[in-house]
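All remarks here apply to the structure that follows.
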Amino acid sequence: MHLDPASGHTDCWAAQMLRLFSNLGSDYAAHAPAALEEKITYYSNLHLPVRQLVSALQARYDSPWADERLREDPRTLVSLPTSGRPAGALGVKACRYLNWMGISRGHRMGKHGMHVHCGTYINAAHHQCMLRFRLCVWPLEVSRNGQRPRAARVCRLCNANAVEDEAHVASECMAYSALREKHWGQNPEDCMDIAALMQHAHDDPRAVAHYLFDVHSHRTRLLQPGGGLKSSSHSHKDHKCSGVRKVRMTRR
Ligand SMILES: [Zn+2]
């Protein structure tokens, strides 16, 4: 039985757990007796302070989220100079989670400790679509080909010359105006910006999931060849009115 790193056997499950405890501030291996029988007795009678260990783990998880830079709006954060960034600072995606998606320390949970949307019946496809949106993994221009300057990652579905990020798609892009009217016509304040929309997701996750699913489906349709986009034969005025322009299908 080799439980402590000093024994040279550090790859077993117990040794890994001891290393984890040590990492969290409780170094049980350091106090273990050297004699085998005594060591067995020591570990057999060990009472783990589970609450204390979980708190230490939570504090470790939370500490990067305390970075003040993450309080910035994500669009502001990316415009800030990168020099002087505090060590351990998270990136813009974490900033999006915090400011737009409500995913961070202090997020609202349901009565069983789950996210509210996990305790509500939601169409599975809608639910998956919302989860992917909240995790910022929709294939939006902002997330594609990170070698391009951010300013070049513009939305291909409207004339706004705006970066296609989650906020643009959810509440700004004119290509989805009709969907916004359909879903939020009665309560436009619920979709006035992405923070409002994701806040509303706590109150009515099914409605938000349905809206995001429709947006995703509409976007996918428009980006398909012949997917309902205005053709180049339409006048500039037509494009301007519709807010939709012809899509370049080549990857940029
Ligand atoms: Zn757009």
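Values in this text are rule-based calculations from the coordinates and carry no lab data. Note that the structure is a prediction, hence the values are computed from the model and not measured. Note that we place each Cβ from the backbone using ideal geometry, even for glycine, and neighbour counts take in every protein chain shown.
With a 10 Å radius around each residue's Cβ, average the other Cβ atoms per peptide and rank 197-205, 15-23, 36-44, 166-174, highest first.
Highest mean packing first, the order is 166-174, 197-205, 15-23, 36-44.
Please get the size of the charge dipole for the stretch 163-204, origin at its Cα centre, with Cβ charges of +1 on Lys and Arg and -1 on Asp and Glu, quoted in debye to the nearest 20.
180 debye
Which ³J(HN,Hα) values in Hz, rounded to whole numbers, follow from the phi angles of the stretch 61-72 under the Karplus curve 6.51 cos²θ - 1.76 cosθ + 1.60, where θ = phi - 60° and Gly and Pro get x?
5, 6, 4, x, 6, 7, 4, 4, 4, 6, 6, 5
Can you list residues from other chains, or at least 5 along the same chain, whose modelled amide H is less than 5 Å from the amide H of V154?
Those qualifying (amide H under 5 Å, at least 5 residues apart or on another chain) are E164.
Calculate one ³J(HN,Hα) per residue across the stretch 26-37 by plugging θ = phi - 60° into the Karplus curve 6.51 cos²θ - 1.76 cosθ + 1.60, and present them in order as whole Hz with x for glycine and proline.
Rounded to whole hertz, the list is 10, 8, 6, 5, 5, 9, 6, x, 7, 5, 4, 4.
Label Y28 and R69 with points 7 Å out from Cα along Cα→Cβ: what is the distance between them in nm?
The answer from the label model is 3.8 nm.
Going by amide H atoms built from the backbone, whose H comes under 5 Å of the H on Y28, apart from near neighbours?
For Y28, the qualifying residues are S22.
Residue by residue, what Karplus-based ³J(HN,Hα) values in Hz, rounded to whole numbers, does the stretch 181-193 have, using 6.51, -1.76 and 1.60 with θ = phi - 60° and x for Gly and Pro?
Values, residue by residue: 5, 5, 8, 10, x, 7, 9, x, 5, 5, 10, 6, 8 Hz.
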